[in-house]
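What follows is a set of notes on a single structure, which appears directly below.
The values are calculated or read from the model by the stated rules, or taken from the named source; none is laboratory data. Here the structure is a predicted model, which means the values were calculated and not measured. Ideal geometry is used to build each Cβ from the backbone, glycine not excepted, and the neighbour counts take in all protein chains shown. Please note that ligands, DNA and RNA were not included when accessible areas were found on the heavy atoms of the full protein model with its side chains. Shrake-Rupley method; radii C 1.70, N 1.55, O 1.52, S 1.80 Å.
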Amino acid sequence: MTASHLTKLDGAQRTSAKPLQGTDTIRRNNLSLILGLLHRGGPLSRAHLTKQTGLNRSTISALVAELDDLGLAYETEPPAIGRVGRPSPLVHPNEKVAALAINPDVDAVTVGLVGLGGHVHRRIRYEAATQPSVTDTVNISRAIVEGMQADLDAMDRITGVGLAVPGLVRSSDGQILLAPHLQWADEPLAASLEQALARPVRAGNDATLGSLAESIYGAAVGVSDVVYLNGSASGIGGGVISGGRPLRGSAGFAGELGHTLVRTNGEKCHCGRSGCLDAEVRLERLLAPLGRARADQDELERAIAERPSRELQEEVERQIDLLAVALTNFVNIFNPQMIVLGGFLGSIFSLDPKRLISAVAEETIGGLGADVKIKRAVLGSELLLVGAAELAFAQLLADPAGTA
C-alpha cells in the first residue's frame, strides 16, 4: 500500500496547504516519500532508499540530512556483515516523534503513546465501572494523559491524538454519528477531546483503523485485497482493503461486516435484525465459562489457558462455525487474498484454526476459499492504538517540512 493510499483515510479532515511550486514541491514530496518508507518499513539503509525510490545517492543523502535536521529521522552505523567496503548507514524513523491514541469501549478506555514506526511506548487500560459516556471518556482520557506526563516529556514531539471508536464516525470532523453498543449518537467526541487535551484530534472507526494497522505492520503487509474483522467487548467490526485502498463507501461507513446474517431466527441484534454475526459471536459468551465478566485480549488468553473446560470448548466451536458462515460470505463478495482476525476472534481462531479454514474452503463458491489465507492479527492488544495513531501522523507524513 502506498503512502498516498494510507493518508487518504483522514484526507477530508486535513486543511489543504497552499500549492507549492517547482523544486520546493518536489523536495517536500520526496521528504514525504522517504519518511513514509521509514515509518512503514522500519530502519532502511541509504542504499535501500536509493534503490526503492529511484532517486540518486546525493539526493537521498540530502533528504535524510533534512529529515535529521527536522528531528524526524536519525542514522546509525549498520551491523557488521562481513563484506568488503563500508556498508551504507541505517536510517531510522524517530520513534520519539509520537502520537496519543485513544480507544473507548463498553468496558474500558485505553490510551497509548505510539511513536513513528508504530512503536508503542506506553499502553494504559482503564476499566470503567459502568459503560462510559462521552463525558466519562473525555475525563478518563484526560486523567490518563496527565498521568503519562513523564512519558510525554521524554518524547521529542507529540503530533496529535488519534481516536478509534466502535461505531460510525464522520471523517470530516470526527463526529460520532452512532456507536450503538456505547449508546452514543451524534456526539462531538473528537471536538470535546481537542478541548480537554489541547491537541488536535482525528477520529475513525476502530475496525477500519485496525485493518490499516495490520496492512502496514502486521499480517497483511504487502497484500492488496484483505478482509479484516475485529472482535471486542463492543462487538464485531470490519474493514476491507480492496486493490490496496481502504473500502470507504459513499459516506465513509463501509465495512459494517458484523451485521451479516449467520443464523436464521438467531439472537436479536441491536440493529433490529436477528442472527447477525455481531449478535451471535460475542466476547461475553466466551467469558461466561471462564467465570469472568470482562477481559482484554491478553487477559482472555491467560484465562483460557488457565481454565480450559468442555463448556468453553463447545462455545468456541459454536462461535467458529458461525464465524465460518460470515467469512464464506465475505470471500464470495470481496474475493480477498487474506482474512485477518483481530481481538477475541483471533483468540478463538488460534484454538482450532483447522476447523475454520476447512469450513471456509469447503463452503465458498467455485472453491475460492481454498486460496484465501486466514491469519490472526499480529499486533494483538496494541492493534487499535497503532491504527489510531496513523490518523495523528497523517499530516506529518504528508508534508514533513510543512508541519515541522
Which one of Leu312, Ile333, Leu72 is farthest out on the positive end of the charge dipole of the chain, using unit charges on Cβ (Lys, Arg +1; Asp, Glu -1) and the Cα centre as origin? Leu72
Helix 353-363 vs. the chain, principal-axis angle (Cα, 0 to 90°, nearest 10): 80 degrees
Pull up the cross-link candidates among the aspartates and glutamates for Lys375, meaning alpha carbon to alpha carbon under 13 Å and not fewer than 8 places away within one chain. Glu214, Asp352
For the pair Asp321/Ala305, report the inter-label distance in nm, with labels modelled 7 Å from Cα in the Cβ direction. 2.9 nm
Using Cα atoms only, what is the angle between the long axis of helix 383-398 and the major principal axis of the chain, expressed in degrees (0 to 90) to the nearest 10? 30 degrees
Most mobile of Ala207, Ala150, Ala361 per a Gaussian network model of the chain (Cα springs, under 10 Å)? Ala150
Would segment 134-246 count as rounded, prolate or oblate if I go by the C-alpha gyration tensor, calling it rounded below 1.5 in a/c and otherwise prolate when a/b exceeds b/c, oblate otherwise? oblate
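Subtracting the Cα-Cα distance from 0.36 nm times the residue separation, let me have the gained length for Asp151 to Asn56 in nm, one decimal. Mind dumping the intermediate values first?
Details: separation 95, 0.36 × 95 = 34.20 nm, distance 3.85 nm.
Extending this stretch completely gives an extra 30.3 nm.
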Using alpha carbon centroids, what distance separates segment 22-78 and segment 257-298, in Å? 47 Å
In the chain, carbon and sulfur make up what percent of the accessible area (probe 1.4 Å)? 49 percent
Students sometimes get this wrong: rank Thr135, Thr403 by accessible area, probe 1.4 Å, all chains present, largest first. Thr135, Thr403
How far is helix 57-69 tilted, in degrees, relative to the longest principal axis of the Cα atoms in the chain, given as a value from 0 to 90 rounded to the nearest 10? 70 degrees
Given H placed on each backbone N at 1.01 Å, which residues far from Ala219 in sequence or on other chains put an amide H within less than 5 Å of it? Val378, Leu379
Taking Cα pairs closer than 8 Å and at least 6 residues apart, the relative contact order of the chain in percent is 18 percent
Can you tell me the dipole magnitude for the chain around its Cα centre, using point charges on the Cβ only (Lys, Arg +1; Asp, Glu -1), in Debye to the nearest 20? 1000 debye
Averaged per residue, what accessible area in Å² does segment 108-246 show with a 1.4 Å probe, protein chains only? 35 Å²
Whichever aspartates and glutamates have a C-alpha closer than 13 Å to that of Lys96, once near sequence neighbours (fewer than 8 apart) are set aside: Asp68, Asp151, Asp153, Asp156
What does the charge dipole of segment 306-372 about its Cα centre add up to, to the nearest 20 debye, if the Cβ of each Lys and Arg holds +1 and the Cβ of each Asp and Glu holds -1? 100 debye
Charge dipole of the chain built from unit charges on the beta carbon (Lys, Arg +1; Asp, Glu -1), centred at mean Cα; most positive-end Cα among His259, Ser32, Thr159 is Ser32
Read-out P(r) over Cα pairs in 20 Å bins from 0, in percent, derived from the coordinates shown; its label in (i) 24, 44, 27, 6, 0; (ii) 27, 55, 18, 0; (iii) 27, 58, 15, 0: (ii)
Note: segment 255-404, point scatterers on Cα, Debye, no solvent; log10 I/I(0) at q = 0.11, 0.14, 0.15, 0.18 Å⁻¹ equals -0.51, -0.77, -0.86, -1.13
Could you check the spin-label model distance between Arg294 and Glu314? Points 7 Å from the Cα along Cα→Cβ, value in nm. 2.9 nm
